[in-house]
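Trainee: Before I ask anything, let me first share the structure, which is written out below as structure tokens.
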Amino acid sequence: MMGNTRPIFKRELAGYFNSPIAYIFITVFLGLSSWLFFKGFFVVGEASLRMFFGILPWVFLFFVPAITMRLWAEERKVGTMELLMTFPVTDAEAVLGKYLASLAFLALSLALSLVIPAFVALLGNPDTGQIVGGYLGGLLMGGAFLAIGLFISSLTENQIVAFIISVVVIFGLFILGEDFVLFGLPDRLVPVFSYVGLGGHYDSISRGVIDSRDIIYYLSVIVFFLYLNVKSIEVRK
Amino acid sequence: MIEVRHISKRFGATVAVDDVSFEVRKGEVLGFLGPNGAGKTTTMRILTCYLMPDSGAARVAGYDVVDDSLEVRRRVGYLPENAPLYQDMDVVSYLEFVAEVRGIPPGERLRRIKNMVEVCGLGSVIGRGVGELSKGYKQRVGLAQTLIHDPEILVLDEPTTGLDPSQIIEIRELIKEIGKERTVILSTHILPEVEATCSRVIIINEGSLVASGTPEELDSAAGGEHTIHVSIKGDEATVKAVLSGMAGVRSVDGAGAGDGGFTRYTVKAADGGDLGEKIFRAAVDNGWTLNELRRETLSLEDIFLRLTTLEPGERSVE
Ligand SMILES: Nc1ncnc2c1ncn2[C@@H]1O[C@H](COP(=O)(O)OP(=O)(O)OP(=O)(O)O)[C@@H](O)[C@H]1O
Ligand SMILES: [Mg+2]
């Protein structure tokens, strides 16, 4: 990791586990995902992770803003922003360190949720391609959500405000590409909206269709919001 | 070491810093004085690269605070007002974090941390969470954080707030010690602190510099009157006439003969320089008996009040 990204990353990641919040988050995430999954699983009786991956974006919609809300808002509120920004750390290093810490935390939660496919594998013969695609898509989509949430956290010193705005913005960007929005649009705009929407790319990846364009889409969203984040920190000066 | 040239900074309609220039040389401890809202914190934030000046330029350790901000930040130890800290860490992991960010090599970190624990008196709180410390201990952790990389330049915003009296004395001694080879700029509201630690003082008010100099220079810059109390046995009318005739003397008041035939006089003069000596000589020449000769020095407190409460036009700047 470049320069001073490392200590920031380490500090933020440890920060998740220094308080009970991390454990609560992970428990709620796993509990909610499994509950939603097994409910469908026993009703439909199908040994597939289709429903789990279908639910994932909606779980992330609340889980990701909860992970990112604190990252900048707390620094502003407590005044440690002034410390951090007067250490020999560039704005980009600080943003990246925080982002990677939140990504590591999300990846860890996702990894723990592997118990679900493990359970399904015991009972039936799930499609491995779909599982790999689903987790890759989940990480990319979650990564994009994180970049958005982190950026929004830098705009306020109130964590709750950061949480609510993040949910609203992610929801807005997510449903842009959904069928019920596209339905009401003039034909010319349909491809634009369906490309910009955060959800469509995930749908294809999680079906097991790994297309580099979808990956590039998420990476661009991530880079774009991290860039905005660096700018929003500079503005204080 | 620090060179500030015409910096200004405004927040909306508020002009926080208005065309301020000053210099701090190596080995100086500069005291930064001013009433609340004067612009001290804002100036320090510019020097530590937290804020950028709207106009003007500042160089710290030879580097421009805007163009070479990282180089400046590497060389400065900054203690922000109220010592903000990461509340969720314990004291040692916090100092480890700062040591790493400051680029102290891993093998040396423990030694530096131990040193800081000793210097800042943190021994009794070592494993505690930063968030649960008392204000004074937070301030000490803040200081440890500021000093850990042995910076050439220290910028301390009200470093002794919240400390107990013995710690205040220790910290002042420490600052003086550090100030021998390094450059320190500290802001404070406690005037005796300036007299105790600073080799030079700057007073700002409403964003503008109103005075700068050594505490002694400020004394004369404040320009007011100097008062000398003398107690003389001799003919009152003659004494008054002689004293009034001296250069610079504005008024002489006699308080009437007191014990043992001595009369106390209060002499007010524009320039107190060698007046005491002149009075002494006059006493010898005239055969008076001199019992007391005391010069009333204007305290920094008086200077401060005088400079920060006068209308802009009447201020006398060094
Ligand atoms: N971020 C900010 N936004 C708006 N106004 C600000 C900001 N920071 C400072 N100010 C204003 O700038 C002026 C100078 O403030 P500053 O904090 O530099 O004063 P100070 O000399 O440090 O005061 P104190 O002795 O109370 O610490 C004040 O009027 C303050 O309200
Ligand atoms: Mg201040």
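The values are calculated or read from the model by the stated rules, or taken from the named source; none is laboratory data. For clarity, every value in this text was computed on a predicted model and none was experimentally measured. Glycine gets a Cβ as well: all are built from the backbone with ideal geometry, and neighbour counts include every protein chain shown. Calculation scope for accessible area: heavy atoms of the full protein, side chains included, ligands and nucleic acids excluded. Shrake-Rupley method; radii C 1.70, N 1.55, O 1.52, S 1.80 Å.
Trainee: Quick one: would you say B:Val194 is away from ligand 1 (no atom under 16 Å from the Cβ), closer than 22 Å to B:Gly37 by Cα, more than 14 Å from every other protein chain (Cβ to nearest Cβ) and open to solvent by less than 10 Å² (accessible area, probe 1.4 Å)?
Mentor: no
Trainee: What do you reckon, is B:Arg45 away from ligand 2 (no atom under 16 Å from the Cβ) and either at pLDDT 95 or above or of a type in the set (Ser, Thr, Tyr) (or both)?
Mentor: no
Trainee: Here are some residues: B:Gly107, B:Gly103, B:Gly162. Which one is within 11 Å of chain A (Cβ to nearest Cβ), surrounded by fewer than 21 Cβ atoms within 10 Å (Cβ to Cβ) and more than 20 Å from B:Arg45 (Cα to Cα)?
Mentor: Sole residue among the options that is within 11 Å of chain A (Cβ to nearest Cβ), surrounded by fewer than 21 Cβ atoms within 10 Å (Cβ to Cβ) and more than 20 Å from B:Arg45 (Cα to Cα): B:Gly103.
Trainee: I want to confirm something. Restricting to the range B:136-166 and keeping residues that are assigned to a helix (DSSP H, G or I) and within 16 Å of ligand 1 (Cβ to nearest atom), which single residue is nearest to B:Cys49 (Cα to Cα)?
Mentor: The extreme case among them is B:Gly142.
Trainee: Does B:Gly131 satisfy the condition of being away from ligand 2 (no atom under 16 Å from the Cβ), within 14 Å of chain A (Cβ to nearest Cβ), more than 22 Å from B:Arg74 (Cβ to Cβ) and in a helix (DSSP H, G or I)?
Mentor: Yes; evaluated as a whole, the condition is true for this residue.
Trainee: Conditions first: (1) surrounded by 19 or more Cβ atoms within 10 Å (Cβ to Cβ); (2) of a type in the set (Gly, Ala, Ser); (3) without any contact (Cβ under 8 Å) to a residue 24 or more places away in the chain. B:Ala237 passes all but one, so which condition is the exception?
Mentor: Condition not satisfied by B:Ala237: (1).
Trainee: Collect the residues in the range B:76-100 that are β-branched (Val, Ile, Thr) and either over 18 Å from B:Glu23 (Cβ atoms) or surrounded by fewer than 21 Cβ atoms within 10 Å (Cβ to Cβ) (or both), keeping them in residue-number order.
Mentor: Within the range B:76-100, B:Val91, B:Val92, B:Val98 qualify.
Trainee: State yes or no: is B:Glu96 assigned to a helix (DSSP H, G or I), away from ligand 2 (no atom under 16 Å from the Cβ), over 24 Å from A:Gly79 (Cβ atoms) and within 11 Å of chain A (Cβ to nearest Cβ)?
Mentor: When the stated conditions are applied, B:Glu96 does not pass them.
Trainee: Continuing with this model, one more query. Which count do you get for residues in the range A:79-92 that are surrounded by fewer than 18 Cβ atoms within 10 Å (Cβ to Cβ), facing chain B (nearest Cβ under 8 Å) and not in a loop (DSSP other than H, G, I, E, B)?
Mentor: Residues in the range A:79-92 being surrounded by fewer than 18 Cβ atoms within 10 Å (Cβ to Cβ), facing chain B (nearest Cβ under 8 Å) and not in a loop (DSSP other than H, G, I, E, B): 1 in total.
Trainee: Another question about this same structure. Here is a list of conditions, (1) open to solvent by 50 Å² or more (accessible area, probe 1.4 Å); (2) within 13 Å of chain A (Cβ to nearest Cβ); (3) of a type outside the set (Asp, Glu), and B:Arg73 meets all of them except one; can you say which number that is?
Mentor: All conditions are met except number (1).
Trainee: May I ask you to verify whether B:Tyr63 is more than 10 Å from chain A (Cβ to nearest Cβ) and away from ligand 1 (no atom under 12 Å from the Cβ)?
Mentor: yes
Trainee: Still on this structure: Determine which member of the set B:Gly31, B:Gly77, B:Gly27 is touching a Ser or Thr at 6+ places or on another chain (Cβ under 8 Å), assigned to a strand (DSSP E or B), closer than 26 Å to B:Val201 by Cα and away from ligand 2 (no atom under 16 Å from the Cβ).
Mentor: Only one candidate passes the filter, namely B:Gly77.
Trainee: Take the residues in the range A:17-47 that are buried (at least 18 other Cβ atoms within 10 Å of the Cβ) and under 23 Å from A:Val209 (Cβ atoms); name whichever of them is farthest from the chain's Cα centre (by Cα).
Mentor: Here the residue is A:Phe37.
Trainee: Considering B:Glu173, B:Glu193, B:Glu177, B:Glu206, which residue is out of contact with any Cys (no Cβ under 9 Å at 6 or more places or on another chain) and at positive phi?
Mentor: Just one listed residue meets the conditions, B:Glu206.
Trainee: Also: Quick one: would you say B:Asn82 is polar (S, T, N, Q), away from every other protein chain (no Cβ under 14 Å) and either within 16 Å of ligand 1 (Cβ to nearest atom) or assigned to a helix (DSSP H, G or I) (or both)?
Mentor: Against the criterion (polar (S, T, N, Q), away from every other protein chain (no Cβ under 14 Å) and either within 16 Å of ligand 1 (Cβ to nearest atom) or assigned to a helix (DSSP H, G or I) (or both)), B:Asn82 does not qualify.
Trainee: Go through B:Ala57, B:Ala16 for me and flag whichever is part of a strand (DSSP E or B), more than 16 Å from ligand 1 (Cβ to nearest atom), more than 22 Å from B:Leu163 (Cα to Cα) and of a type in the set (A, V, I, L, M, F, W, C).
Mentor: Matching residue, one of B:Ala57, B:Ala16: B:Ala57.
Trainee: What are the residues in the range A:168-177 that are surrounded by fewer than 19 Cβ atoms within 10 Å (Cβ to Cβ) and within 13 Å of A:Thr68 (Cβ to Cβ), if any?
Mentor: A:Val169
Trainee: What pairs come up if the first residue lies in the range A:219-234 and is of a type in the set (S, T, N, Q), the second is not in a helix (DSSP H, G or I), and their beta carbons are under 9 Å apart, counting only those six or more places apart or on different chains?
Mentor: A:Asn229/A:Ser154; A:Ser232/A:Ser154; A:Ser232/A:Leu155
Trainee: Let me ask something additional. Answer yes or no as to whether A:Val95 is under 30 Å from B:Leu156 (Cα atoms) and within 14 Å of chain B (Cβ to nearest Cβ).
Mentor: The answer is no for A:Val95.
Trainee: Just one of the numbered conditions (1) out of contact with any Pro (no Cβ under 7 Å at 6 or more places or on another chain); (2) more than 16 Å from ligand 2 (Cβ to nearest atom); (3) free of Cβ contacts under 8 Å to residues at least 60 places away in the same chain is not true of B:Val101; which one?
Mentor: Unmet for B:Val101, out of (1) out of contact with any Pro (no Cβ under 7 Å at 6 or more places or on another chain); (2) more than 16 Å from ligand 2 (Cβ to nearest atom); (3) free of Cβ contacts under 8 Å to residues at least 60 places away in the same chain: (1).
Trainee: In the range B:136-159, which residue that is among the charged types (D, E, K, R) and within 16 Å of ligand 2 (Cβ to nearest atom) is most open to solvent (accessible area, probe 1.4 Å)?
Mentor: Among them, the one singled out is B:Glu158.
Trainee: Filter the range A:144-162 down to the residues that are surrounded by fewer than 21 Cβ atoms within 10 Å (Cβ to Cβ) and assigned to a helix (DSSP H, G or I) and list them by number.
Mentor: If the condition is that a residue be surrounded by fewer than 21 Cβ atoms within 10 Å (Cβ to Cβ) and assigned to a helix (DSSP H, G or I), then A:Gln159, A:Ile160, A:Val161 are the ones that fit.
Trainee: From A:Val196, A:Val230, A:Val223, which residue is closer than 16 Å to A:Ile148 by Cα, open to solvent by 50 Å² or more (accessible area, probe 1.4 Å), modelled with pLDDT of 85 or more and of a type in the set (Val, Ile, Thr)?
Mentor: Exactly one of A:Val196, A:Val230, A:Val223 is closer than 16 Å to A:Ile148 by Cα, open to solvent by 50 Å² or more (accessible area, probe 1.4 Å), modelled with pLDDT of 85 or more and of a type in the set (Val, Ile, Thr), namely A:Val223.
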